[in-house]
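The values are calculated or read from the model by the stated rules, or taken from the named source; none is laboratory data. Remember, it's a predicted structure, so these values are computed and weren't measured experimentally. Methodologically, a virtual Cβ is constructed for each residue, glycine included, from the backbone with ideal geometry; neighbour enumeration extends over all protein chains shown.
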Amino acid sequence: MSKEEKDQQSTGMTRRGFLGRVSLGLAAAAALTLPVRNLLSSDSSSNDPADGLPEDSIYRPRDDSRGDGSLNA
């Protein structure tokens, strides 16, 4: 064992240990961030995906003028 390896082991911080702790820290941060982001985005989001489309867009669903709510013709 070289002197550098002994010094690193005596301080307790090796490259492998550092990378392991960083990966655990990133996983924990992601696990805490996702629920918070879902809570914040659910308040401001709408249920209708066509809300952001212009009125004359071909991707906006037509209004059903039959009144019975059925989609079968």
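So the values come out like this:
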| item | result |
| --- | --- |
| Residue within region 9-26 that is of a type in the set (Lys, Arg) and either modelled with pLDDT under 75 or loosely packed, with under 10 Cβ neighbours inside 10 Å (or both) present | yes |
| Qualifying residue in region 56-68 (condition: among the aromatic types (Phe, Trp, Tyr) and either touching a strand residue (DSSP E or B) at 6+ places or on another chain (Cβ under 9 Å) or at pLDDT 85 or above (or both)) | no |
